[in-house]
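Report on one structure; see the data block that follows.
The values are calculated or read from the model by the stated rules, or taken from the named source; none is laboratory data. Please read all numbers here as calculations on a predicted model, not as lab measurements. With ideal geometry, Cβ positions are generated from the backbone for all residues, glycine too; neighbour counts draw on all protein chains shown.
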Amino acid sequence: MAVARVAAAEKSPHTKPSNGEVAQFPQTSTLKTVGVIGAGQMGNGIAHVSALAGLNVRLLDVTDDRVKAGVEAIKKNLGRQAERGKISADAAAQALKRIKTGIDYKLFQDCDVVIEAATENEQIKREILKTLVPSLKPDAIICTNTSSISITRLAAVTDRPGRFMGMHFMNPVPVMELVELIRGIATEEQTFQAVKELTLRLGKKAAVAEDFPAFIVNRILLPMINEAVYTLYEGVGSVTAIDTAMKLGAHHPMGPLQLADFIGLDTCLAVMHVLHDGLADSKYRPCPLLVKYVEAGWLGRKSGRGFYDYSSETPVPTR
């Protein structure tokens, strides 16, 4: 990996796309327009912080309703920040004006960088990336917000693996400070530096991870959550007991089962599958109870039920 990076650093900053046109990497100071694919919790959060940082934003999803819901979430979250005095009301209003939306990939024609933030499903991401590429200008950078999937594999379906890398934001994006930066085997040094500087411009701190299943945060976090589900499954403790034990005994701000509901049990299961398949170690086997909950459609907060029932004002443990 290190040898590949040295070689990449020695290359010219000019690369030649398949159409024969010479593409030049944009200088970081000229990165003005960011595209975001997916207006859900992660995507609207990325659009939020990008617009607040003064960047023009292009936000896309598969339907107008999803896009509208994403913009409403951004508006609500900006308003909450303004009410708390973290930003001015004018900054919130200006940020909203910088966001353009749509459902056609032509929306990204003027983007300097596009961040894919769709659901954590490799096949879906691959199809999105294939659809995206024809709409991009030759020098555009592509990033993926995947929390676990191989950057190298995703890059290979595009026409620009050298200008492709992972940019994994934490949830909720406007609040969490960290972004994991992950290079694929073909990622060029200019791409990495441009995305690193963009990360800092968004007010985030970068942690550089290698392209291994689940990277750093989820490699450590999701097995802990999975073990908490096993603890519940085997009857060692109730939902309340497990979450209370970790909050008071380990000073975690949120119990692991509560956190799983917040992340989404489908996402937790997807990451565990990536770890189990990618590392071939039985310690990463998803707990059968987690599998059952996902099969039942009990995905946590977003579905109204997971390890807690969210139908009332105060969440109630379901086991």
TODO: Scan (1) within 14 Å of I141 (Cβ to Cβ); (2) surrounded by 18 or more Cβ atoms within 10 Å (Cβ to Cβ); (3) charged (D, E, K, R) for the single condition E197 breaks and write down its number.
DONE: (2)
Task: Tabulated pairs, the stretch 203-217, first surrounded by 15 or more Cβ atoms within 10 Å (Cβ to Cβ), second of a type in the set (S, T, N, Q) and modelled with pLDDT of 95 or more, C-beta under 8 angstrom, 6+ apart or interchain - done: A206/T199; D211/S150; D211/T152; P213/S150
- [ ] For the stretch 138-154, enumerate the residues that are closer than 17 Å to V195 by Cβ and surrounded by fewer than 19 Cβ atoms within 10 Å (Cβ to Cβ).
- [x] T152
Task: P286, sole failed condition from (1) part of a helix (DSSP H, G or I); (2) within 15 Å of N218 (Cα to Cα) - done: (1)
- [ ] Check Y284 against each of (1) surrounded by fewer than 16 Cβ atoms within 10 Å (Cβ to Cβ); (2) touching a His at 6+ places or on another chain (Cβ under 7 Å) and name the one condition it does not meet.
- [x] (1)
TODO: Run down L290, L275, L248 and say which single residue is modelled with pLDDT of 95 or more and in contact with an Asp or Glu (Cβ under 9 Å, 6 or more places away or on another chain).
DONE: L275
Open item on the list: Condition first: part of a loop (DSSP other than H, G, I, E, B), of a type outside the set (D, E) and farther than 30 Å from F192 by Cα. Can you find one or more residues in the stretch 218-227 that meet it?
Closed with: no
TODO: Within the stretch 167-207, work out how many residues are farther than 15 Å from L55 by Cα and outside any loop (DSSP other than H, G, I, E, B).
DONE: 18
Task: Unmet requirement for G166, which otherwise passes all of (1) assigned by TED's automatic domain parsing to the domain that holds S50; (2) without any contact (Cβ under 8 Å) to a residue 60 or more places away in the chain; (3) surrounded by 20 or more Cβ atoms within 10 Å (Cβ to Cβ); (4) out of contact with any Cys (no Cβ under 8 Å at 6 or more places or on another chain) - done: (4)
Open item on the list: I'd like the residue in the stretch 18-50 that is more than 17 Å from the chain's Cα centre (by Cα) and assigned to a helix (DSSP H, G or I) and, out of all such residues, is modelled with the lowest pLDDT.
Closed with: T28
- [ ] Take the stretch 116-139 and flag every residue that is part of a helix (DSSP H, G or I) and in contact with a Phe, Trp or Tyr (Cβ under 8 Å, 6 or more places away or on another chain).
- [x] T131, L132, P134, S135
